[in-house]
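The values are calculated or read from the model by the stated rules, or taken from the named source; none is laboratory data. None of the values given here were measured: they were computed from a predicted structure. Please note: Cβ atoms are built from the backbone with ideal geometry, for glycine as well, and neighbour counts cover all protein chains shown. For accessibility, only protein heavy atoms count, side chains too; no ligands or nucleic acids. Shrake-Rupley method; radii C 1.70, N 1.55, O 1.52, S 1.80 Å.
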Amino acid sequence: MFIAMKNLSLRDLPIAKKFALPGIVYILGILIIASTVYAFINDQRARNVLIYDVITQKNILSHLESNLAKVNEGLNQMLFFDSREFDALLLAKAEDFQSALVEFKYISQRHAFINDESLAEEIEPVLEQMRTQLIKVVSLSFSRSLRGTKKSYQQEFILYANQIRAFTNDALYGKSELVEALLKENAHREWLFSLLFLLEVIITALLSYFMHVLVSRQLIFPINKIRLISDEVIKRYAFMDNDGLDYEVLLTRLALITSKDEVGDLARQFLVMMQTIDHGREIESEKKQAIEQLYSALKQTNEQVLKTKGELNLRNQELECIHEKLITSNKQLEQSAKLSSIGEMSAGIAHEINQPLGVMRLYTDCMLLVQEHPPKINDMLQKNLIQIERISRIINHLRLFSRDDQGEERETIAVDWLIDQSLILISPELKRHSITLAVNIQHKSQSILCNQVQLLQVLTNLLNNAKDAIIELESLAQPQGIEKQISINVLCRGGRVLIEVSDTGAGIPSSLIRKIFQPFYTTKPVGSGTGLGLSICYGIIEKHAGTIECRSRQGCGTTFSIDLPHVLALSS
Amino acid sequence: MTSILIVDDDADFSEALQDSLSMLLSHYQFTTCGKSSQVFDLIYSLPVSLVITDMIMPDVEGIEIITRLKQEMPDLPIIAMSGGGRVGGNNYLILADALGADAIFDKPLSVLELSRKVEGLLSST
């Protein structure tokens, strides 16, 4: 518990103070030992002084006794032998007695321990009497005025001396006893002191050792913790690639730390840890670099992805465009399919119409040939025939379009015939819209080698477009009206036949002229034009080794020019 | 008395042709045949001096009639007529002509021309 308490308070102290504790214990211990020693020495010294003084007193007393003997002797000599040499001695001795007493008293007074009052009180007067007597005797002796008997003086002196001796013997005995007692006490004190000294030393040693251990434990504990932690750190970093760890450098550094204690261990571990951390940092910075590279690569990829996304978006848009176009062309194809199915049927239709036509013509022919009619009736019958003829021509014309040949068949066709054929269907339309038609063929005998149906298709297409252009201009134009004319010019130039179809219609903007021969390009709404016409015409003319061009001015008109090789007409 | 055979599935036309030819060529006899499958029976049963046949017919096509007639009775004149239609790239009439028809006529035909042709063919045999 006490240790725990000690620990509790110890832990909070800073290191300096912690280390100070054993020192404090040392200092305290030393102080205590020193003071003990000092006390002991003092005590001993005091006692030794006492002993010395007591011994001195004893000496004084024994000296007194010897002096008494000497005085006795001297007195004897003086008194009975009249020897003068002892005068001085006796005086001196008398003084000695006094001084001895004084000294004795002085010593007694010096030590409270010594109680010589009785002695002093008792001896003093006697000594004094003796002294005075002595002095008197001596002076008397000196002055040779000794009266009385010498023996009486001697006896008086002996009386005094015996008295004194009695006291001094007691006193000596007492003093001896005192000295002994004091010596004993000295020895006792010495023994005590030794014990105490030993105890103190042992306690100090133990305590300081204990404090050392405690304090060092206080230090070791965190150091060990640090070691554990650094162990962990090393382990953690040890999972990383440690090939790059500079073992050479590490070993040299480790060798610098020579101490084998915990701090040395810690220092070594610290070095290892530092190395691994450094290495770990290197690895981490490498990783970071790699990550940055990855990141920039990722950014690049991202950008590429975005770019690709953009491209895909564009593609998407393109595809949507195409899709729309496909939808439109689908509708147009449906329309064409309708038309082509009509075309397919036209053979049958032609046949079905030709039959009743045939009947009508037969009867009309008969009527005209066999019977005589009034001129009016004749006229009507003739007109009937003409209408029948007209129907027949139209049917035949349509039939041409229903021919499903691949277009490979080529014949030598007269250009003027071709143009006449192409005008059959469109002339009524032109008349209806009050569009004038001007046909100018340079040489009537010009021929070309072509597929009849296809060329007819081309001319019909061009004429239809011309008509539509004029109608369009008319719808846009000012109320005062416009010139409405379609002209067909046929020229022969350098082995080529040039067919020009011109109109005074709305014209084509110069920006769009290059588009008109593209498939599906049409300015007409869905259903009214397939947009295939001009692209097909282009293909047909190309297959015929010819060229087709377009010149146009917006608001003025358009001219399509077909250039084909000229062939000589076979006699047919 | 031999007759001129008119082969056409269109009854109105056959009748009109018969009437008009009869008017112009009164000295000839005309027989109509509406079903082309019966043509050969009629030819073998009746004496037929000339055949005027349509090309497009439901049972037996004019082509077949011409081909067979020219094989079996090469001296029998045949006139082919047609209201339109084609086989392959060619007009039926061109085909008929190629197969040996003596004359070809587009419908609606001119009865005058036809009658002249009939007379021509019959007078030459």
In peptide B:105-118, what is the residue-averaged number of other protein chain Cβ atoms found within 10 Å of each Cβ? 5
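Can you pull the semi-axes for the stretch A:42-108, root of five times each eigenvalue of the Cα gyration tensor, sorted largest first, whole Å?
33, 10, 7
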Distance in nm between pseudo-label sites at A:Glu124 and A:Ser143 (7 Å out along the Cβ direction from Cα): 2.8
Percent relative contact order of chain B, based on C-alpha pairs within less than 8 angstrom and at least six residues apart? 23
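Given a 1.4 Å probe and every protein chain left where it sits, what share in percent of the accessible area of the stretch A:177-333 is carbon and sulfur? Present the calculation step by step, with values, prior to reporting the outcome.
Values: 7500 of 11960 Å².
Using a 1.4 Å probe with all protein chains present, the stretch A:177-333 comes out at 63 percent carbon and sulfur.
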Per-bin percent of Cα-Cα distances, the stretch A:1-147 [5 Å]: 2, 8, 13, 12, 9, 8, 6, 5, 5, 4, 4, 4, 4, 4, 3, 3, 2, 2, 1, 0
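Working from the pairwise distances between different alpha carbons, so that the mean of 1/r is found and then inverted, what is chain B's Kirkwood radius in Å? Write out the running numbers ahead of the final one.
Values: mean 1/r = 0.0702 Å⁻¹.
The Cα-based Kirkwood calculation yields 14.2 Å.
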To check you understand DSSP bridge types, tell me what percent of the beta bridges within the protein assembly as shown (both residues inside) are antiparallel, rounded to 5. 55
As straight-line cross-link partners of A:Lys299, the qualifying lysines (C-alpha separation under 22 Å, not fewer than 8 residues apart within one chain) are A:Lys287, A:Lys288, A:Lys307, A:Lys309
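Shielding of B:68-81 by partners, i.e. mean partner chain Cβ atoms within 10 Å per residue? If you can, show how the numbers build up before the last one.
Values: counts 0, 0, 0, 0, 0, 0, 0, 0, 0, 0, 0, 0, 0, 2.
Mean partner-chain Cβ count within 10 Å for B:68-81: 0.
Stretched out fully, how many nm does the piece from A:Ala255 to A:Tyr363 gain, at 0.36 nm a residue minus the Cα gap?
Details: separation 108, 0.36 × 108 = 38.88 nm, distance 13.69 nm.
Extra length from A:Ala255 to A:Tyr363 when fully extended: 25.2 nm.
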What lysines sit close enough to A:Lys105 to cross-link, taking a C-alpha to C-alpha distance under 18 Å and skipping anything fewer than 8 places away on the same chain? A:Lys58, A:Lys93, A:Lys175
Quick one: angle between helix A:375-402 and the longest Cα principal axis of chain A, in degrees between 0 and 90, rounded to 10, please. 30
Determine the relative contact order of chain A: mean sequence separation of Cα pairs under 8 Å and six or more apart, normalised by residue count, in whole percent. 10
Per the helix-only model, chain A has a calculated mean residue ellipticity at 222 nm (DSSP H runs of ≥4, -39500 (n - 2.57) each, divided over all residues, rounded to the nearest 500) of -27000 deg cm²/dmol
Within 10 Å, at most 12 other Cβ atoms, and a DSSP state outside H, G, I, E, B define an exposed site. Report the longest part of chain A free of exposed trypsin sites (Lys or Arg not before Pro). A:261-443
Taking chain A as the reference, fit the longest principal axis to its C-alpha atoms, fit the long axis of helix A:247-256 to the helix C-alpha atoms, and give the angle between the two in degrees, 0 to 90, nearest 10. 20
May I ask you to compute the full-extension gain from A:Tyr106 to A:Glu248, defined as 0.36 nm times their residue separation minus their alpha-carbon distance, rounded to one decimal in nm? 42.3 nm
Straight-line reach from A:Lys225: which lysines have a Cα under 29 Å away, not including same-chain ones fewer than 8 places off? A:Lys6, A:Lys17, A:Lys18, A:Lys235, A:Lys260
Please give the per residue accessible area of the protein assembly as shown, computed with a probe of 1.4 Å over protein heavy atoms only, in Å². 58
So how far apart, in nm, are the two label points at A:Asn330 and A:Asp278 if each is 7 Å from Cα heading toward Cβ? 7.4
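Report the equivalent ellipsoid semi-axes for the stretch A:252-369 in whole Å, largest first, defined as the square roots of five times the eigenvalues of the gyration tensor built from alpha carbon atoms. The partial results should precede the final answer.
Values: eigenvalues 2090, 24, 10 Å².
Ellipsoid half-lengths, sorted descending, are 102, 11, 7 Å.
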On full extension of the chain, what length is gained from A:Leu219 through A:Lys515, given 0.36 nm per residue of separation minus the C-alpha to C-alpha distance? 97.0 nm
Roughly how crowded by other chains is peptide A:384-397, in terms of the mean Cβ count from those chains within 10 Å of each of its Cβ atoms? 1
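Within the stretch A:292-389, which GluC sites (Glu not before Pro) sit in a loop by DSSP and count at most 12 neighbouring Cβ atoms inside 10 Å? Walk me through the numbers on the way to the answer.
On the way: sites: A:Glu292, A:Glu303, A:Glu311, A:Glu318, A:Glu320, A:Glu324, A:Glu334, A:Glu344, A:Glu352, A:Glu372, A:Glu389; in loops: A:Glu372.
For GluC sites (Glu not before Pro) across the stretch A:292-389 that sit outside H, G, I, E and B with at most 12 neighbouring Cβ atoms in 10 Å, the list reads A:Glu372.
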Kindly provide the helix-only [θ] at 222 nm of chain B, computed as the sum of -39,500 (n - 2.57) over DSSP H runs of four or more divided by all residues, to the nearest 500 deg cm²/dmol? -13000 deg cm²/dmol
First measure r as the distance between the Cβ atoms of A:Tyr38 and A:Asn115, then evaluate 1/(1 + (r/R0)^6) with R0 = 25 Å and state the FRET efficiency to the nearest 0.05. 0.30
On a 0 to 90 degree scale, rounded to 10, what angle separates helix A:415-432 from the longest Cα axis of chain A? 80
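Could you estimate the translational diffusion coefficient of the protein assembly as shown from the Stokes-Einstein equation, with Rh from the Kirkwood formula over C-alpha pairs, at 10 °C and 1.306 mPa s, in whole µm²/s? Provide the component values of the computation, followed by the final result.
Numbers: Rh = 42.9 Å.
Reported coefficient: 37 µm²/s.
Please compute one quarter of the surface area of the Cα convex hull for the stretch A:281-329 and express it in square nanometres. Display every interim value, and only then the final one.
Working: hull surface 12.6 nm².
Convex hull of Cα atoms, orientation-averaged projection: 3.1 nm².
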Can you list, bin by bin at 10 Å, the percent of alpha carbon pairs in the stretch A:172-232, starting at 0? 19, 19, 17, 14, 11, 9, 6, 3, 1
